[in-house]
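Presented below is the structure to which this report refers.
The values are calculated or read from the model by the stated rules, or taken from the named source; none is laboratory data. On a predicted model such as this, the values are computed, not experimentally measured, just so you know. Glycine also receives a Cβ, built like all others from the backbone with ideal geometry; neighbour counts cover every protein chain displayed.
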Amino acid sequence: MPACWLGTVTVHSDHHIFWVMRGTAKVLAGGEVHDLAAREALWIPPGVPVDQISTEPGSVAFTVLLPSRLFPDFPAGIVRRTLTGPLCDLLLYLHSRWVTPSWREAAVTPDIAVTLRRVFSGPGRPAVSFPVTPVSPPAVAVARQLVDDPADRRTLRELAAETDLSPRHLTRIFSTETGMSFGEWRVELKLAVAARMLADGTPAGRAAAAVGYTSPASFSRAFRARTGTTPGAFRSVSGGPVAARPDAVTVPEAPAATLLPLVNRVHVLVWMARGSARVRLRGREVTVARGQLMWFPAGVWHELTTSPGGVLLCLGTLPLEVPLTHDHAVPFSCPGIPEEDLLYRASVMNTLLRPYPWDPGEFTGELAALLPPVGHRDRSPSVAAILRDDAEGHQTLATWSRRLGPDTPELARLFRRDTGQSYREWKVDRRMTEARALLRDPGRSVEQVASAVGYRSAISFNRVFRAHHGMTPGQFRRDRLARSLFEAVE
């Protein structure tokens, strides 16, 4: 398992939990470097920049975002914790729910929310980031001098004179390229350097002097205004992991959950990492046991319900050109693939962490080898053409028959053989899958959604949608917008 890295700066508006399942990881967040071992996690609050994440070879790490409104009273600082096995499984469950938005139930139940608060609340350092560096050469030269010596006592006028710029011009450059005035940028730099020294255990008075403050009181006022805490309190917070004793926190079992009926545009491979799932297909029902894999071929209707504690992870997708049919939708085992390899694949598939160098073609090629030894290897080209070119089901089967060659009865037989359902059933299911995605956009009216998925009348669209979901499109939209899938149900 190659090392992975994320080199793009990300700033989330939600709470962000990053944890290591296997191996080690290094996270640069909030201006600090955090070295994490297996079963260690970081709670990163909204607005704290994550500059870089890297893992060592053989390591597996995951992430999940939780809406800030669920945890409004959490501290502004990054919190680090050591996790138990059950806590890792709970976070893996939340990750699986986060990356698949089409579940009926909310993921964060009240008892899960309480558990997360108990585990991650407590001491944590407020994040103090280094300011953005300007890009213009004269401003870069000034910034480098101050980074090398934050206690430099030269004034703006003296620094500007060395660059042949006027003080006003230099201030304008800093304001344009960093979003703050030169004076604000300089204070931010001093406090960021001081925060790193305090985190390393440097006494507050020595840190104040090192960044150019002549008075500990003025340093304390500036530091508190920036972080909400005093330098002494900031220094006293342990940056190391805090062990979560198994008997200290009772971890609730993840609830059972049902995925809304889907018809995929591509072939999707899933892995039952924890628990089991019951899968309904047209005309049959199968059970996926822990450790088993299953393909959901493109165009095949399916609905699944996980057991309590069940975690279903996506391992990847294949394009429509690969000849998978309804018969391939069966659970199968791959005893030769260790669990850590499957976790690694799920991590790469569902997070922004990528191996370096990253070869998507090689990744897809490995998936193509994981096919169950059943089914029609040669899917009908006519059915493949319909699935590819009529994603919303706008045509009739007779129209496709005239275009593709087989007569209508033969085309109907081939379509049912390859997808497990009639063309009419597939058309409605595909439209409903697309409609749910469009209804999540508040900028689209129900009438526009109806037209986009092939209905001439909003009335007929409402009737079909209600038959499939037990609610009207308007009720579905209000329910989804008012209650996020990750919002705890009181």
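The table below gives the values:
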| item | result |
| --- | --- |
| Lone qualifier among Arg69, Arg81 - being out of contact with any Lys or Arg (no Cβ under 9 Å at 6 or more places or on another chain), among the charged types (D, E, K, R), in contact (Cβ under 8 Å) with a residue 60 or more places away in the chain and buried (at least 18 other Cβ atoms within 10 Å of the Cβ) | Arg81 |
| Only one of Val268, Val242 that is β-branched (Val, Ile, Thr), modelled with pLDDT of 85 or more and in contact with a strand residue (DSSP E or B) (Cβ under 7 Å, 6 or more places away or on another chain) | Val268 |
| Residues that are touching a His at 6+ places or on another chain (Cβ under 7 Å), closer than 24 Å to Tyr344 by Cα and assigned to a loop (DSSP other than H, G, I, E, B), drawn from segment 282-321 | Pro297 |
| In segment 285-314, the residues that are in contact (Cβ under 8 Å) with a residue 24 or more places away in the chain and surrounded by fewer than 18 Cβ atoms within 10 Å (Cβ to Cβ) | Val286, Thr287, Ala289, Gly291, Glu303, Thr305, Pro308, Cys314 |
| Helices (runs of 4 or more DSSP H) wholly inside segment 400-490 that include at least 3 residues being within 32 Å of the chain's Cα centre (by Cα) and at pLDDT 75 or above | 423-439, 446-452, 458-469, 473-482 |
| Only listed residue being in contact (Cβ under 8 Å) with a residue 24 or more places away in the chain and either among the acidic types (Asp, Glu) or farther than 22 Å from Trp103 by Cα (or both), chosen from Thr317, Thr258, Thr250 | Thr250 |
| Residue match in segment 27-42 (condition: in contact with a Phe, Trp or Tyr (Cβ under 9 Å, 6 or more places away or on another chain), over 19 Å from Arg81 (Cβ atoms) and buried (at least 16 other Cβ atoms within 10 Å of the Cβ)) | yes |
| Subset of segment 415-444 [among the hydroxyl-bearing types (Ser, Thr, Tyr) and under 16 Å from Trp400 (Cβ atoms)] | Thr419, Ser422, Tyr423 |
| Residue match in segment 121-129 (condition: farther than 30 Å from Leu91 by Cβ, outside any strand (DSSP E or B) and either outside the structural domain of Phe71 (by TED's automatic domain parsing) or among the small types (Gly, Ala, Ser) (or both)) | no |
| Filtered residues of segment 445-468 (kept if over 13 Å from Val428 (Cβ atoms) and in contact with a Ser or Thr (Cβ under 6 Å, 6 or more places away or on another chain)) | Asn462 |
| Residue check for Phe465: at negative phi and in contact with a Pro (Cβ under 6 Å, 6 or more places away or on another chain) | yes |
| Check on Leu324, part of a strand (DSSP E or B), in contact (Cβ under 8 Å) with a residue 40 or more places away in the chain and not acidic (Asp, Glu) | no |
| Residue check, Val20 in a strand (DSSP E or B) and under 29 Å from Gly309 (Cβ atoms) | yes |
| Residues (surrounded by 20 or more Cβ atoms within 10 Å (Cβ to Cβ) and farther than 24 Å from Pro381 by Cβ) located in segment 316-331 | Gly316 |
| Matching entry among Thr214, Thr202, Thr171 (being hydroxyl-bearing (Ser, Thr, Tyr), modelled with pLDDT of 85 or more, surrounded by 15 or more Cβ atoms within 10 Å (Cβ to Cβ) and assigned to a loop (DSSP other than H, G, I, E, B)) | Thr202 |
| Residue check, Leu165 in a helix (DSSP H, G or I), surrounded by 14 or more Cβ atoms within 10 Å (Cβ to Cβ) and not basic (Lys, Arg) | no |
| Any strands (runs of 3 or more DSSP E) falling wholly within segment 44-92 and containing at least 2 residues that are over 20 Å from Val311 (Cβ atoms) and not assigned by TED's automatic domain parsing to the domain that holds Ser347 | 50-55, 77-82 |
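Conditions (1) touching a Lys or Arg at 6+ places or on another chain (Cβ under 7 Å); (2) under 22 Å from Cys4 (Cα atoms); (3) assigned by TED's automatic domain parsing to the domain that holds Val428, marked per residue:
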position: Gly275; (1), (2), (3): yes, no, no
position: Val288; (1), (2), (3): no, no, no
position: Met294; (1), (2), (3): no, no, no
position: Val311; (1), (2), (3): yes, no, no
position: Pro335; (1), (2), (3): no, no, no
position: Pro338; (1), (2), (3): no, yes, no
position: Asp341; (1), (2), (3): no, yes, no
